[in-house]
Structures are given as structure tokens and as C-alpha cells.
Amino acid sequence: MTDAFEITVDGRPVPVTAGQTVGAALHAAGIRSWRATRFGGRPRGLFCGIGVCFDCLVTVNGRPPERACLLQARPGDEVTTS
Amino acid sequence: MTRVHDLAVVGGGPAGVAGALTAALAGLSVVLVDSGARLGGQYFRHPAGAHPGTPGFDRFRRQARALAGRADLLLGHQVWAVERRAADAADAADAADAADAADASAALTRDGGHDSAFTLRCTAPDGSPVAVRSRRLLLATGAYDRPLPFPGWDLPGVLTAGGAQALLKGNGVVAGRRIVVAGTGPFLLPVAAGLAGAGARVLGVYEAGGGLGLARHPLLAAGKAGEAAGYALALARHRVPYRTRQAVVAAHGERELEAVTVARLDRDWNVLSTRRLACDTLATGYGFVPQIDLGVQVGCRTRADLDGSPVLDVDDRQRTSVPGVWAAGEPAGVGGRHLAELEGRIAGLTISAPGDPVPGVLARRRDRLQAFARALLEAYPIGPGWQRWLRDDTLVCRCEEVPLARIREARELGATDVRAVKLLSRAGMGWCQGRVCGHAVARLTGAPVGEPRRPLAQPVTLGALAALTSARVETAAQDPAGVLDPAPPPDPTGPPAPTDPPAPTDPPAPKDPPAPTDPPAPSDPSAPSDPSAPTDPPTPSDPPAPAGPPGPQGPSEPTRIPGETGTEAGDDSSAASTADGKDSA
Ligand SMILES: Cc1cc2nc3c(=O)[nH]c(=O)nc-3n(C[C@H](O)[C@H](O)[C@H](O)COP(=O)(O)OP(=O)(O)OC[C@H]3O[C@@H](n4cnc5c(N)ncnc54)[C@H](O)[C@@H]3O)c2cc1C
């Protein structure tokens, strides 16, 4: 059982405590935005934290964007930011 | 063959768990669906070992454990739609399953008048569609934060108060180092106390309303003195100033939050004077919005709560206006976890014993708690002055990036209701479907906050919608993932712009074997849904799960009801045709 593991964000390792969401792990690592808005290119990260606002959409392992605040992090997850 | 449960409960917070457990103890077959990886809802959603001193947590955990052996739990499942059919359809479907029919369900059927067939359309953690059928439905979907817009509120580092709380409680992450807490309502207190207790420097709690200060906080009324005193003590211990008639009216920073403008307000929330405060995080919230989408979908009557929020109208038995549908907790009016649990319990009782009166002691207690909830709502109205905190270029709708100026334009073009303003400005037409900006847009339009019309309560893939319309879905029952479109489909709830990210719930390839481990929370019974093979819920000493190979949403092992993974053919084309219906309220 691993209590702690790593994921990567644009290739850079980020520590995760088991049970954390991708959004929480990124936020805890000081990464507060991971995408830009369509029109203004404004940075977006966590806002509502419970899956309501969709600000925190994130790309993990090349899959279509998901809500980082709901997505449980798994060892080796590769997050790419834009 | 699809099993029809006596009761389906949506929501695994205090209301849903109490309701499900009460009904299960009375002998009903119960299934509970929650999108979270663990039971607990917004208040009790803790991972293992991370709940020091949360009042009521042990009690909740006992209930959750008791429930685990008695009901089917579908965690990590998002309900995106609910359908209702006539009673005879339910009975017909059930006839095939007669062996399952317990005495209690026979009693339900005899009772008549309240029986329907409900189908919950869910997305499993691996993205596959799951249909859950039941005779009765309890909606216990909770609430979410109500933020107000102000210049800079979309900078990273600005979080909702509940979001900061969810980070802390659900993830053990302190939202920042230098944190400002601002907004209105009693919820600011536990948020600030929690953050300070976890080591953050909380620079201040700015309560826009009130004017009374902590010593005369409305929590002191109606028996919450202990709670209020606890928060006051925690704030004092960490030297956190609590200021009423003050608010954060602007956030500043290049790429993320660096400072906020704190203003002193008059009683209508007009700015009297301002000062700047350097910080890295802001937790802000102006009350809660009850989550009533599913109730509205199925036709439940709503009423405006004291704060103008639409809530599901329930009677003293927690019944909505739609036969067979009950509501408990925040969807029936924001009132906190004690009231939520009590309402859930009452719903569980009246669902399982339709003829019996509500026990007087419970009814009286609920009345007291409801009176208290009303008093709190009345004590924290939203002052009109916030509208003048905004500048022309302040985003009101974060998803579609609609600034105040465009909402003004829409009004100048003659839009007088929220719907017209939305159509002209696109505010509320994006990913969140107006959940975040709905209140603000209504107020800026000068219109009442209407009831939400969201044909889809959660985003869903076109593949899942298409599966519903397919007349030949037997194969889907065997291979639910097979019906899904593997290519990223456009999100039916999302804005149509071509640059849009595809649906966030789009299923990843179900490459993973089922996870061998339990979700980490001690509160999580992670019950096998197969009642014939009960196992014990993990104990608090269980090691937390290696976030194994779960689906996108969560629990390492999606608990599933045997035979429930398929979709049914039938009257579902309406659901699919709503895909482009969008938010039209
Ligand atoms: C982010 C947040 C944090 C909060 N923190 C606190 C706190 O620390 N202290 C406090 O006193 N109060 C807190 N509250 C207030 C809290 O809402 C209530 O006190 C209490 O949780 C209400 O219980 P409930 O059972 O009505 O709803 P909840 O506890 O909110 O439970 C509702 C459940 O329904 C699920 N759900 C909703 N819609 C769907 C769907 N379509 N499909 C599947 N599942 C669904 C949700 O995932 C959730 O688990 C918080 C509220 C929010 C929004």
C-alpha cells in the first residue's frame, strides 16, 4: 500500500498523498492554474472544489479534460497543462 | 433483468445516509448513489485519519457502516438525469423479479398513489452508463457555494469557502499560507477556524453583513452557543480578526492572487473605504445554493426560500409535489447538517411507513432547527451594494467570460428576464450551466432567481445518450463500455464553440482491472453491492488506498449492483433530445 506517490505535471514530479484529487495535489504543490480560458487566455485552477464550476478541467494521461477537483490522482498520472 | 429497489437515494451526505439507513432498517431494499468516492457529503468527506474533532463524525461513521451492510452503494456515480414512469410499469418490471419483493415492498405497492418507476441515469467511474431503478426516490443532493462576482474573482488563488473546506477536509491540503476569508453567513467561521487550526495564517474574516460581531453572533441563538463559542475561541487563539460590515471587493495579481481590497461597507454593502491586504489565497462565499436539478427535472414544485433561492417544496413528511419523490437536507432548504440528518430520517420513516404519523419528538425538533435555519438566512441577507463593486470588465460568467458590460448591453437591448439576458450575453451558458453565476445574473437583471432548468444534472457523453435511444441494448447490459463512443464527443451540456474542451466525463479507456483496495476513508463502507457477499467496512486503522486504478471519478472499486449496469430500451428518446436543450431557465 502506498501512502505517497508521484504524478507528473508537464514532466515535473508532484507529490501526492493517497486519496487526494489531482486538483488538490497540484494546488498543494503551488501549481494554481493548469489551463487557460478560450477567449481571454485567463489562467484557471481550483475554484469551487466540488465539481460544480468546471474551472479546474485538466488533461491527464492524454484523456479528454476532467474536473481536477473530483479526479482521484493515481501513481504515474501525467498531467499536461496548457 | 433489472432489479427495482424500493428506494433510490441520491446523495450520501447526512441527509441521504440517514434516510437510506432508516428505510433499510424498516426492511426496504435501498440503493444509494453518490458522485463522491466516499460517503459523507460536504461535511463528512474525510479521508482516513483526517477527522480530528469533527463534531458528529463518529455518529455519521456509525450510520454509514450500518448502511453498508444493508443497502447497495454506488459511489463515484454521477446521476445526470431522472425519469419517472407510471406505477404499473414499475410493477411489470418488478414482476420478473418477484423473488426479490420483500414484505415491505408489497406494503408499498398496496399503499398505492405514491408508486412510480424511477430510473436514475448515472455515469460510473469508468465512464460507463448505469441505470438504477426504484419505486421511490429520495433526493438528498445537498448544496454548493454561492459566490458573488467582483473584480479579479477569477484569479487562481480565489476559492469558494466550501472549496477551501473541501481541500482541507477531503484532501488534507491547506489552501494557502496567507488566507483571507470573506463573504457572509455562519459558514465563514468553521472555514476560518479550520484553516487557522491547520496552520494557515488567516489574516481576517470579513463578514459583509452582521454588524453585531462575534459576541452577538446569530449562532448564539437557538442553542448553538457552544458551537459559536468554539469558533470564537479558535479564532481568538490564532489571533484571527473577525470584522463585520467588511468585504473583499477586489482581488489583484498577475497570474494568481497577490492581494485583495478589503472595504468597509454601509448596511447596504456600499463601499465606504478600502485598504489593500497582501495574501495568496481568498476563501469566499455568500451562502449556499441548494442542488435541486434532479427534482426540477422530474417535475417537483419549488418555492423561493427566504434568500430567494429556489428549493424543493416539501410537506411535513418530506414529500415533494411529485408522488414517490421525497427530498431531505439542503435541497429542501439550507439548514446545516443537523437538520439534514433529521429530515433524512423523517423521510426514511415516512417512505417506509406511509400511513404512520411523523413521531412528535422528531417533528418538533425539525421545526426548531428549521426556525433556526430561517433565522440565520434572515440574519445574513445579501446587500444590493455588491453590484457596484463590479467594473465594466469584471467577469460575471466565468465559463463564457461574460463581463458586466455585456449583461448591461443585453438589458439595454430590451432583455428583462434572466433567460433573455442569457441568450443575448451567453452568461450562464457554459460548462457550469449557470450554477456559479446564476444568482448574480438574476440580481443584475433585476429578476428573481428562477428555478434551474437543466436537462442534464451532470455532463454526460453523447455515447451514453445515444445508448439510451438505442432500441437494441441487450448487448449494452453485458458490455456497458462497448456502447460508448471511444472518441471524445462534444459535450452536450457545453457551449458549442469548436474550441471547447470535450466532455470532462468522457470515459477513459477502461483499461484497468478492478482495484483490489478500498477507498481510504473510515467512513467509507465501500460496501460490496452484492448483498449475498457482505464484507466489513474498513476500520479506521485500514491503510489508505493506494489510489489504485480507479476510474476518473474515484472509488477504487466501483461498487455496482449486479445486473444494473445496462440501460433499458424504451421511453428514453426524450432524454436524448434534451441534449441540445441546454439551460433555458
Ligand atoms: C463545499 C462545501 C463544504 C461544506 N463544509 C461544511 C463544513 O465544514 N461544516 C458545516 O457545518 N457545513 C458545511 N457545508 C454545509 C453542508 O452542505 C451541510 O451542512 C450538510 O452537508 C448538508 O447535508 P446534506 O446531506 O443535505 O448534503 P451534502 O452533505 O452536501 O450531501 C449531498 C451529496 O449528494 C451528492 N450529489 C449531489 N448531486 C449528485 C448527483 N447528481 N449525482 C450523484 N451525487 C450527487 C454530493 O456528491 C454529496 O455527497 C459545506 C457545504 C459545501 C457546499
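The values are calculated or read from the model by the stated rules, or taken from the named source; none is laboratory data. What you are looking at is a predicted structure, and each value in this text was computed from that prediction instead of being measured. Cβ placement follows ideal geometry from the backbone for every residue including glycine, while neighbour counts extend to all protein chains displayed. In case anyone asks, the SASA skips ligands and DNA or RNA and just uses the protein heavy atoms, side chains included. Shrake-Rupley method; radii C 1.70, N 1.55, O 1.52, S 1.80 Å.
Before moving on, here are some points about what is shown:
- Test result for B:Asp280, open to solvent by 10 Å² or more (accessible area, probe 1.4 Å) and farther than 20 Å from B:Leu167 by Cβ: no
- Matching residues, the stretch B:295-329, being loosely packed, with under 15 Cβ neighbours inside 10 Å and in a strand (DSSP E or B): B:Arg303, B:Ala304
- Residue check, B:Arg59 on the phi < 0 side of the Ramachandran plot, at pLDDT 65 or above, within 16 Å of the ligand (Cβ to nearest atom) and open to solvent by 20 Å² or more (accessible area, probe 1.4 Å): yes
- Candidates B:Pro403, B:Pro381, B:Pro357: the one that is within 30 Å of A:Phe47 (Cα to Cα) and out of contact with any Gly (no Cβ under 8 Å at 6 or more places or on another chain) is B:Pro403.
- Scanning the stretch B:156-172 for residues that are over 17 Å from B:Val289 (Cβ atoms) and open to solvent by 20 Å² or more (accessible area, probe 1.4 Å) yields B:Leu168, B:Lys169, B:Asn171, B:Gly172.
- When residues in the stretch B:169-186 are screened for being touching a helix residue (DSSP H, G or I) at 6+ places or on another chain (Cβ under 6 Å) and at pLDDT below 95, 2 of them pass.
- Screening B:Ala175 against (1) open to solvent by less than 10 Å² (accessible area, probe 1.4 Å); (2) away from every other protein chain (no Cβ under 11 Å) leaves a single unmet condition, (2).
- Extreme residue, farthest from the chain's Cα centre (by Cα), among residues of the stretch B:339-362 that are within 13 Å of the ligand (Cβ to nearest atom) and more than 16 Å from B:Arg136 (Cβ to Cβ): B:Leu342
- Every residue from the stretch B:382-438 that is closer than 23 Å to B:Val260 by Cα and either in a helix (DSSP H, G or I) or open to solvent by 60 Å² or more (accessible area, probe 1.4 Å) (or both): B:Pro384, B:Gly385, B:Trp386, B:Gln387, B:Arg388, B:Trp389, B:Arg391, B:Asp392, B:Asp393, B:Leu404, B:Ala405
- Criterion: of a type in the set (A, V, I, L, M), away from the ligand (no atom under 16 Å from the Cβ) and either crowded, with 21+ Cβ neighbours inside 10 Å or at pLDDT 85 or above (or both) - qualifying residue of B:Ala98, B:Ala140, B:Ala131, B:Ala117: B:Ala117
- Condition check for A:Thr37: more than 27 Å from B:Pro147 (Cβ to Cβ) and either β-branched (Val, Ile, Thr) or open to solvent by less than 20 Å² (accessible area, probe 1.4 Å) (or both): no
- Among the numbered conditions (1) surrounded by fewer than 23 Cβ atoms within 10 Å (Cβ to Cβ); (2) within 16 Å of the ligand (Cβ to nearest atom), the only one that B:Asn270 does not meet is (2).
- Residue pairs whose Cβ atoms lie under 8 Å apart, sitting 6 or more positions apart in sequence or on different chains, and linking a residue in the stretch B:156-172 that is near the ligand (Cβ under 7 Å from one of its atoms) to a partner that is of a type in the set (Lys, Arg), are B:Ala166/B:Arg45; B:Lys169/B:Arg45.
- Residues that are in contact with a Ser or Thr (Cβ under 9 Å, 6 or more places away or on another chain) and buried (at least 18 other Cβ atoms within 10 Å of the Cβ) occur in the stretch B:228-248; there is at least one.
- Any hit, the stretch B:368-377, residues being in contact (Cβ under 8 Å) with a residue 60 or more places away in the chain and closer than 19 Å to B:Cys437 by Cβ: no
- Scanning the stretch B:186-212 for residues that are open to solvent by 10 Å² or more (accessible area, probe 1.4 Å) and within 11 Å of the ligand (Cβ to nearest atom) yields a total of 5.
- Residue-level check: of (1) surrounded by fewer than 21 Cβ atoms within 10 Å (Cβ to Cβ); (2) at pLDDT 90 or above; (3) within 12 Å of the ligand (Cβ to nearest atom), B:Thr54 misses just (2).
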